[in-house]
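Data block below; observations after.
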Number of protein chains: 2
Amino acid sequence: MARAATTSDAFNAVAEPRRRAILNYIALEERPVGEIVDSLGLGQPSVSKHLRVLLRVGLVNVRRDGRRMLYRTNAQAIRPLHEWTSTFERYWRHQLSRVKERAERKNNPSNDGGPEFTSRRKNDLDSSKN
Amino acid sequence: MARAATTSDAFNAVAEPRRRAILNYIALEERPVGEIVDSLGLGQPSVSKHLRVLLRVGLVNVRRDGRRMLYRTNAQAIRPLHEWTSTFERYWRHQLSRVKERAERKNNPSNDGGPEFTSRRKNDLDSSKN
DNA sequence: ACATTACATTCCCATATGGGCATATGTCAA
DNA sequence: TTGACATATGCCCATATGGGAATGTAATGT
């Protein structure tokens, strides 16, 4: 099998740089396809296809206005991604503090008995199934 | 051209469900490849390949321990994703409040003169280049 | 040096895209 | 109804994967 279909979820949808660009562009206000095409300098069919993908995963909403289709980012659909990344927040904080300690130790060579930080040993944390 | 290479950035890397699973699994503590294989029920070559991708974009770190390779999630590399999703936080909050208003209006039919929320009109916000 | 363990790579193949072009659709203006 | 606009789709092609099997490689034990 190949990669999971791009249309399957928000994670795949935002993996495309242009789709992120589109989401950023229409986050504030709904816009017709043509404006997106002009602003981002992409082909019209290309933009329509990207919008279709974004629509499928719920990342954008559409509304018809005459012959134009007004798209707008549906920010709520981005929450799952935000939440997933948030679960790592505590980790990068720990890691940052360790980096900080190392830096300080370097400036002040006196051994302050701080914890080790480079190449952690095993068993310093519970390893039961995530 | 086809999709941008998966190895190009964190967004593409985490688009793969298994890679996210791996990141979750080794977020707390470094683990040898074999353990990841057993725990996630994936093929060994497959896991090695995913780890290689994650390593390239900096989402994991490695350390050799005898014949084993201990991988661990480098949470900091996830910050960019977290920050990107955060830029939409204010939007989904607005959207949520609008949904809330609609719900309240529905329960209390008296027109409170609140703002429109369904199908916004054009020009209600500056539309200059993002 | 040889067998074993733990991973990393390489090959091959089916499939998912993404872009550009041409064309089908839907809508509004005469 | 005909013509012009604004989008959406279909088609074709080059390319990027991802998985599984087989094989290469590094490190350990005897």
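Note on A:GLU89 and A:ARG67: with the Förster distance fixed at 51 Å, the Cβ-Cβ geometry gives a FRET efficiency of about 0.65. Note on region A:6-75: semi-axes of the ellipsoid equivalent to its C-alpha gyration tensor, largest first and rounded to whole Å, are 17, 13, 11. Neighbours of B:SER46 by Cβ distance under 12 Å: Lys/Arg scored +1, Asp/Glu scored -1, total +3. Inter-copy label distances at B:VAL99, shortest first and taken from points set 7 Å along Cα to Cβ: 3.6 nm.
Considering only alpha-carbon pairs that sit under 8 angstrom and 6 or more positions apart, the relative contact order computed for region A:6-75 is 39 percent. Within 10 Å of the Cβ of each residue in A:30-40, the mean number of Cβ atoms contributed by other protein chains is 2.
Every number here is computed from the coordinates shown, using simple stated rules; none is lab data. Given the structure is predicted, the values throughout are model-derived calculations rather than measurements. With ideal geometry, Cβ positions are generated from the backbone for all residues, glycine too; neighbour counts draw on all protein chains shown.
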